[in-house]
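This report concerns only the one structure given below.
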Amino acid sequence: MTGGTRKIGVFICHCGGNISDVVDVNAVREFAAGQDDVAAATDFRFMCSNQGQARLQETIKEKGLDGVVVACCTPKMYEDMFRGSAKEAGMNPYLLEIANVREQCAYAHRREPDKATEKAKALVAAQVAKVRNLRPLEVKTAPIHDGVAVIGAGIAGIHAAILLGNAGHKVTLIEKSPTIGGNMARFDKTFPTLDCAMCTLSPKMNEVFNHPNVELLTYAEVKDAVRTPGKFTLTVVKKPRYVTDDCSGCNRCTERCPVSGPKSPIKVESEWDLGLAPRKAIYLPFSQALPQQWTLDADHCYYFQRNHTCGICAKVCPADAIDFTQQPEEVQVEVGAVVVATGYRPFDATQIPQYGFGKYADVYHGLQVERLLSSTGPTNGKLLKKDGTPPQSVGIIHCVGSRDEKYRPYCSRVCCMASLKYAHLIRERTGARVYNFYMDMRSNGKGYEEFYQRVASEQVGFVRGKPTRVTGEATSPEEEGKLTVVVEDTLAGAVLRVPVDMVVLSTAMDPGDVDGLLASLHLDKTADGFVKEYHLKINPTETAVKGIFVAGCAQSPKDITDTIAQAGAAAMSASLFLGSGVMTLNPLVAEVNPDLCRACTRCSDVCEFDAVRVDPEALVASVDETSCEGCGKCTVVCPTGAITVRQFTKTEIAASIDALAPKAVAP
């Protein structure tokens, strides 16, 4: 029905049956055609297809449409695409709205087709009413600053930095530890091929370290981030190493350092070896660390803790590289894009006390076993108990913390294969009897099932069941001096007590401790604490903040193969973003009516993006359109209605509500 001030077209998608199998598309089309200002109403099997887009554009041109409603699936997936097609047809793209009749109607009311159809009609009517009140918006652009910061120098960050550097971009690679490499550098072998982890990683470490387009900032953390048009300014704090670049790597300082010595009152556990061995106050994390520059731990150094009474390291250093006067240094890093590759940390197994971690000396988590098996580890690759003897039997408990509503409901994806790797290496090096306690065996990667079958053929035991506890209390002679794993074997239907010499806990992957970083970058987290991607399926490397990308385990638990793949995808996304030279600004942001503004600062107080500022002289608020995300918080707290989000004004929202439920709106 026409006759109004706007010509609106309604396009209803069947979604290949996802919508039309539940919603009566014909009835919705006929209903839409009867709405005021609707000049065209049609339906199509796949509106997102080339044919569907062509029909949209042809109808806009033929009917002279200046408003469109597409009844389809979630706007998060296809709104930008439909708006792009409308723009190509000559219509202002921000006069188009999506009515989500798939998720909100067909999916939600699959067994109630009549109700789903009526709801779809209501949603279409609401969006038609909104479009009737929309105003055209102007799309603005801003130049993008050159360069990219990669935060985190594990395998994901290293790979992304290399690719970006190879593409000609200037890269700043920021790592909070004294060395690059991340958790992969702690590994002995990688599944399913059992390649040497460092033989794979070390060439990449050397490549990124020597790359002409990569600047490396190690022992440094991002303290703050400010976003301005096309640019991120990161404040990076470089912690003092108290060792200058003149360090020759002779190791004399470490050899002579008294900390952690037999008679030293100060004992320090090695972070790199996860508490399995002591370290000195001045140290190199591991032999292949990059940069090959020693670090002095002032919190455990006699010189700093005992009023400058030591200083042996400075006396024995032939390069005169010890500088006790160093202070933290703030560096401003200006870039156009950011890749977050902050990795993971192992789940704290002390949260499950019944497994005995921290109570029994020979209960380890998986990453600790990696160090025990590594030739650069505290036992030079020999798997030994705390008493220095090799174990004769080992129990490996899968899914510790994972797939558990009390702790981490998600699957960490690598635990099964890592456990199989431990089983193989332990059998190979010690001949010990190995038992795997598992809930389900998940081997869904390339070569993973074959690896599972290989380990199963190596006389490794498998017990399907989640252990209830690990105890050192013996109830029979064979349990004396052992750790006993108590488990119900769900296949045999029996409760077993399995005595072993050592227990390995395959712990969940937790997100890194990066809450402060994510807050400064204004990035959302998932309920599990990982960085929230823009869309899990079609935009897994992008975030809601334009110019910030995510890679590797920062986004979700994954193995090395998938980490490399996503790091490459994130690098490509960042490169394309930078290569465009300009960024399109989102016009759906807040704006201020100066005639209504009281300069009360409530809007600026609640803005998480520092996008709203109040001019103390003009006594009016203003919005930085490059920083605003259009979340609408400011509009809720404004007492005068002076600040609104474009296309979500009171008039537009009220029109939608009137169309949905006219009787529920007060006159």
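The values are calculated or read from the model by the stated rules, or taken from the named source; none is laboratory data. Remember, it's a predicted structure, so these values are computed and weren't measured experimentally. As a convention, Cβ positions derive from the backbone with ideal geometry for all residues, glycine included, and neighbour counts pool all protein chains shown. Quick note on the areas: whole protein, heavy atoms, side chains included, nothing else; ligands and nucleic acids left out. Shrake-Rupley method; radii C 1.70, N 1.55, O 1.52, S 1.80 Å.
Structural remarks
- The apolar share of the surface of segment 6-87, taken as the fraction of accessible area on carbon and sulfur atoms (1.4 Å probe, ligands and nucleic acids excluded), comes to 43 percent.
- Evaluating 6.51 cos²θ - 1.76 cosθ + 1.60 at θ = phi - 60° for every residue in segment 360-371, the Karplus couplings come out as 9, 4, 9, 9, 10, 8, x, 5, 5, 5, 4, 5 Hz, glycine and proline recorded as x.
- Extended-chain gain in nm, criterion 0.36 nm per residue less alpha-carbon gap, R111 and D658: 194.2 nm
- The simple Förster model, with R0 at 22 Å and r as the Cβ-Cβ distance, assigns S476 and L496 a FRET efficiency of 0.95.
- Electrostatic bookkeeping for Y410 treats Lys and Arg as +1 and Asp and Glu as -1; over the other residues with beta carbon under 10 Å from its beta carbon, the sum is +1.
- Heavy-atom accessible area per residue - the chain, 1.4 Å, Å²: 45
- Helix-only mean residue ellipticity at 222 nm for the chain, each DSSP H run of n ≥ 4 adding -39500 (n - 2.57), per residue, nearest 500: -8000 deg cm²/dmol
- Nitroxide proxy distance, nm - points 7 Å out along Cα→Cβ at V331 and E405: 4.8
- Solvent accessible area, Å² - D515, 1.4 Å probe, full protein context: 80
- Taking a Cβ cut-off of under 11 Å around K231, the surrounding Lys, Arg, Asp and Glu residues balance to a net charge of -1, with basic ones at +1 and acidic ones at -1.
- Neighbour count of at most 16 Cβ within 10 Å plus DSSP loop: longest GluC sites (Glu not before Pro)-free window in the chain: 1-137
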